[in-house]
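The values are calculated or read from the model by the stated rules, or taken from the named source; none is laboratory data. All values derive from a computational prediction rather than experimental measurement. Cβ sites come from the backbone with ideal geometry, for glycine too, and all protein chains shown count toward neighbours.
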Amino acid sequence: MNKHLLPAIGFYRRAVALVGAISLLGVCSGCSRSSFRPPEREGPPALVKEGGEPRFWLLQKQEEQRSRHISGGSRSIGKWVTEIYYHFDLQAHDPATADRIWKKRLLTVKDDVGGHNAQGRLLGQEGEVVWLFLNDGPVAVSSKDATTLADRKTIEERNPDLRDLIPKDLDFYAYDGGVVIIAADARRFRIRASDFAAEPYTAPNDDYFRQVQFMATRWNGGYHTKDFLVRQAMPDGRWLGFFTEKEAAQAGNDEWGDHIPKPETVHEDNGPTRRTFWSARIGKTKEFTEGTHDRLFDVTRMPGAPEFLNAGLLIRQGTREALRVENPPGFLVVHRTRLDEEGRLALTRLDDNLKTQWTTTLPFHDLRNRFESPGGLLLYGIVQQTAKGVTGSSEHLVALNLADGKMQSWNVPAEKRGDQ
């Protein structure tokens, strides 16, 4: 190569690079990009009636980081500026399939005006109105499609004496057949969903009000698997125990007749356990001043009965009795597949002869809530997983067919079907 050409080539390359940089700067000036963190549940989920049909509602909060490039002028390449927003989204799911029916954005709050600390809650349903708390006040939406029906402004317009007295802090709310407001002057009002008029509210007693206020403002749907389990059933009037060997021994020590009406009085083994089925003869206790009581005798392990890990019988909603299923008659066992992180909860349907009809492994470790529907269950649970030394969790919604154990699921943070 001619040595006289080298300076020219160097100059050419620098010129090309400079033109490229200027072109890139011109293209990028005004550029923007967004990134989203996985959504997180706000408050307990709820089963909402829509035209007589149930819908599973879930309120979520999601962080978005918006970055935009600002030009620095002719002598500067500019800089990227990032702003943070928090979105409150409400979504409805079909209890039969767990599929999402709709998703609606209710509110967006920028971080620099309190978005990080903004709260949202599903408070309760009153007819065709669902009450929520969003960021700084009550909001009423339609049970059909979450269309906003009323907010702070609406309530103040309907109730002029509440103007500037509606609190912005969730701690001053409760739910008792309607949203209850503790006004800034300490008066309590319940807002009627029919016309959003305020009426004076008086709780039956202080303990009652503390409970409804806690459920509306602080409780986060914190059920656990054990809350949905019992260890005995009474199919066709016969006693059926579901115990470890140690528990069964205590169940048979029933001289006071407590163990049939109060099965929780039987000591529960903690830690890793294997439970199976036991039968017993029902007799009478000795004569007490109030008479005799039914009691257990001869608690005996049932030959060939299956064993289950960390298990219990699923209860019927609203009771402490084992859920009975029909065709064929039987019940449901909730158990673990294994003890470690790879283990999951599973459901096994047994008939009254303890024959397995089906077993379904669920996508979570802990059951947080469940709802019953004709022929099915809607289950909500959480799973914890460790990757590269970091433990995270995710929540899942499962629709379960009781006839065949078929499961359909929704991955909440991933916002997609669980089988995708």
**Message:** Looking for something in the same structural domain as Ala233 (by TED's automatic domain parsing), of a type in the set (A, V, I, L, M) and over 30 Å from Val48 (Cβ atoms) - is there at least one such residue anywhere in the stretch 319-329?
**Reply:** no
**Prompt:** Within the stretch 80-99, how many residues turn out to be without any contact (Cβ under 8 Å) to a residue 60 or more places away in the chain and either among the aromatic types (Phe, Trp, Tyr) or farther than 21 Å from Glu63 by Cα (or both)?
**Reply:** 4
**Prompt:** How many residues are modelled with pLDDT of 95 or more and in contact with a helix residue (DSSP H, G or I) (Cβ under 7 Å, 6 or more places away or on another chain) if we restrict to the stretch 269-279?
**Reply:** 1
**Message:** Suppose we filter the stretch 218-241 for residues that are crowded, with 19+ Cβ neighbours inside 10 Å and of a type in the set (D, E, K, R); how many remain?
**Reply:** 1
**Prompt:** Name the residues in the stretch 125-154 that are of a type in the set (S, T, N, Q) and in a loop (DSSP other than H, G, I, E, B), would you?
**Reply:** Asn135, Ser143, Thr147
**Leu165 vs. criteria among the aliphatic types (A, V, I, L, M) and either buried (at least 18 other Cβ atoms within 10 Å of the Cβ) or under 25 Å from the mean Cα position of the chain (by Cα) (or both)** = no
**Asked** Restricting the search to the stretch 197-247, which residues are touching a strand residue (DSSP E or B) at 6+ places or on another chain (Cβ under 8 Å), of a type outside the set (D, E, K, R) and in a helix (DSSP H, G or I)?
**Response** Phe209, Val212, Gln213, Met215, Ala216, Thr217, Thr225, Phe228, Pro235
**Asked** In this structure, does Pro7 turn out to be farther than 26 Å from Met215 by Cβ and modelled with pLDDT under 90?
**Response** yes
**Long-range neighbours under 8 Å by Cβ, at least six apart or interchain, first residue within 19 Å of Tyr175 (Cα to Cα) within the stretch 138-149, second part of a loop (DSSP other than H, G, I, E, B) and of a type in the set (A, V, I, L, M)** = Pro138/Ile166; Ala140/Ala193
**Asked** Under the condition of being part of a strand (DSSP E or B) and among the aliphatic types (A, V, I, L, M), which residue from the stretch 398-409 is surrounded by the fewest Cβ atoms within 10 Å (Cβ to Cβ)?
**Response** Met407
**Fill in**
Heads up, the strands (runs of 3 or more DSSP E) in the stretch 314-397 (entirely inside) with at least 2 residues that are in contact (Cβ under 8 Å) with a residue 12 or more places away in the chain and touching a helix residue (DSSP H, G or I) at 6+ places or on another chain (Cβ under 8 Å) are 330-336, 366-373
**Message:** Condition first: aliphatic (A, V, I, L, M), assigned to a loop (DSSP other than H, G, I, E, B) and more than 25 Å from Val179 (Cβ to Cβ). Now tell me which residues in the stretch 67-124 satisfy that.
**Reply:** Ile77, Ala96, Ala98
**Message:** Can you pull out every residue in the stretch 100-139 that is more than 16 Å from Gln62 (Cβ to Cβ), loosely packed, with under 15 Cβ neighbours inside 10 Å and under 19 Å from the mean Cα position of the chain (by Cα)?
**Reply:** Ile101, Trp102
